[in-house]
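J.: One structure, pasted below without further comment.
The values are calculated or read from the model by the stated rules, or taken from the named source; none is laboratory data. Quantities reported herein were computed from a predicted structural model and do not represent experimental measurements. Note that we place each Cβ from the backbone using ideal geometry, even for glycine, and neighbour counts take in every protein chain shown.
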Amino acid sequence: MSAVLTTNSTAAPIHQASPGLWTLAWRRLKRDKVGMVSLVVVVFFLLMIAGSYTGIVAKNWSKEVGVSYANPSFLSGAVNLEAKVENKESVAKVPYVDLSDIDPLAPRYKEWEERTAKIKVTETPRAETLLFGGDKWGRDVLQKAIKGAQTSIFVGLIAAFIATFIGTILGALSGYLGGRVGDFMEWFYNVFSSIPYILLILAFAAVFASSPAMADFRGVPMVIAILGLTGWTGIYRLIRAEFIKHGSREYVKAAEAIGASHSRRMFVHILPNVSHVCLVQLSQHVVQFIKAEVILSYLGLGVPVDSVSWGTMLAEAQSELVIGKWWQLAAAGISMAILVTAFSMLTDSLRDALDPKIK
């Protein structure tokens, strides 16, 4: 007995979900060699400042481990007058004179001198050379550059998040609602954008620095607030244009037809479709704010002197160049140049990868 198995049914087609915007963007970014190298450099800096914050690296940046203006290791043979002065072994001794008849504490003076001499002998001599040199107080310049990166990058990131948030919210309200709300937002935007940006942040910094009410707010929080509250204008303009463009599209009209509220249409339906603009602007403003923090700290309106950033290092290096000590300027300048260049190229790669017109 044979059985013949027949079937009239055909296999159901397999439907593959099409990749989303972020998946396509990541694929395009991986094909961009410059973008991937820039991403690696930026991630390295972020890991470095995380290690600095937790004390894994640059923990002893403020410790005076070398002589004043210690030479870099690759200049170990160069003359360093400061090292000769601080590490000299022979010191002229003053002969002891018995003054016990005049001053009953005179014997104690000699005992104190002997103890002080023993302490000086047991002290570890400071290093005459450090890996990338030392500053005026003998602190390691390389560790200072790492600690300065923590401050400068932290300021840039947090201020960029604040500016992006403000610009996105105001741009969404202006572009979607329009009318009087849009007119007011445009007036508010024009007030800020009519003043040159560098003059605007210097004016805010001067007001905050001279106000007694802001005494407890000075330093890094003040710099973040200044940059975040003044740097939202460019983001606002782009987000406003995107919301005007998307507000009349079919998917927004469909959401309106099913009863979606204005806030839901703005932040649930439209915002995800313009999030790539926010991300690119965030990356771009990190670079701008790092450079702005350096300028403020260099002028004495940013990070206080008891802390360290790339800006304070450049300010210190100004007087060091006169006596030929250039390594602190090189450490801060090279570090900032590498990060800013990598962030700028990564921003360009992100813009190309997130462009929905590229397939």
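J.: Give me a count of the residues in the stretch 42-57 that are surrounded by fewer than 16 Cβ atoms within 10 Å (Cβ to Cβ) and either part of a helix (DSSP H, G or I) or small (Gly, Ala, Ser) (or both).
T.: 9
J.: May I ask you to verify whether Ser210 is surrounded by fewer than 17 Cβ atoms within 10 Å (Cβ to Cβ), modelled with pLDDT under 85, among the hydroxyl-bearing types (Ser, Thr, Tyr) and farther than 30 Å from Phe45 by Cβ? Working first, answer last.
T.: Values: surrounded by fewer than 17 Cβ atoms within 10 Å (Cβ to Cβ): yes; modelled with pLDDT under 85: yes; among the hydroxyl-bearing types (Ser, Thr, Tyr): yes; farther than 30 Å from Phe45 by Cβ: yes.
Judged against the criteria, Ser210 is a match.
J.: Condition first: surrounded by fewer than 20 Cβ atoms within 10 Å (Cβ to Cβ) and closer than 30 Å to Gly300 by Cα. Now tell me which residues in the stretch 162-188 satisfy that.
T.: Ile162, Phe165, Ile166, Phe188
J.: Another question, if that's okay. Output the qualifying pairs, or none if there are none: Cβ atoms under 8 angstrom, residues six or more apart or on different chains, first residue in the stretch 58-70 and touching a residue at least 24 places away in the same chain (Cβ under 8 Å), second residue polar (S, T, N, Q) and part of a strand (DSSP E or B).
T.: Partner pairs satisfying both residue conditions: Gly66/Thr129; Ala70/Thr129.
J.: Still on this structure, please answer the following. Scan the stretch 32-39 and give yes if some residue there is surrounded by 13 or more Cβ atoms within 10 Å (Cβ to Cβ), touching a Gly at 6+ places or on another chain (Cβ under 8 Å) and under 17 Å from Ser283 (Cα atoms), otherwise no.
T.: No - not one qualifying residue is present in the stretch 32-39.
J.: Further, regarding this structure: Could you tell me whether Phe154 is in a loop (DSSP other than H, G, I, E, B), surrounded by 18 or more Cβ atoms within 10 Å (Cβ to Cβ) and at pLDDT below 95?
T.: When the stated conditions are applied, Phe154 does not pass them.
J.: Continuing with the same structure: Which of the helices (runs of 4 or more DSSP H) contained wholly in the stretch 239-327 include at least 1 residues that are modelled with pLDDT of 90 or more and crowded, with 20+ Cβ neighbours inside 10 Å?
T.: Working: elements: 250-257, 275-298, 310-320.
Ranges flagged: 275-298, 310-320.
J.: So, one more: I'd like the full set of residues that are farther than 21 Å from Ile295 by Cβ, out of contact with any Gly (no Cβ under 6 Å at 6 or more places or on another chain) and not hydrophobic (A, V, I, L, M, F, W, C), limited to the stretch 312-359.
T.: Residues satisfying the conditions are Gly324, Lys325, Asp348, Arg351, Asp352, Asp355, Pro356, Lys357, Lys359.
J.: Ok, one more. Output the residues belonging to the stretch 58-79 that are out of contact with any Lys or Arg (no Cβ under 8 Å at 6 or more places or on another chain) and surrounded by fewer than 18 Cβ atoms within 10 Å (Cβ to Cβ).
T.: Across the stretch 58-79, the qualifying residues are Lys59, Asn60, Ser73, Phe74, Leu75, Ser76, Gly77, Ala78, Val79.
J.: For the subset of the stretch 213-229 comprising residues that are of a type in the set (A, V, I, L, M) and modelled with pLDDT under 85, which member is surrounded by the most Cβ atoms within 10 Å (Cβ to Cβ)?
T.: Only one residue fits best here, namely Met214.
J.: Just to be sure I understand, how many residues within the stretch 133-151 are charged (D, E, K, R) and surrounded by fewer than 18 Cβ atoms within 10 Å (Cβ to Cβ)?
T.: 1
J.: Would it be correct to say that Ile195 is part of a helix (DSSP H, G or I) and either out of contact with any helix residue (DSSP H, G or I) (no Cβ under 8 Å at 6 or more places or on another chain) or free of Cβ contacts under 8 Å to residues at least 60 places away in the same chain (or both)? Steps first, please.
T.: Working: part of a helix (DSSP H, G or I): no; either out of contact with any helix residue (DSSP H, G or I) (no Cβ under 8 Å at 6 or more places or on another chain) or free of Cβ contacts under 8 Å to residues at least 60 places away in the same chain (or both): yes.
When the stated conditions are applied, Ile195 does not pass them.
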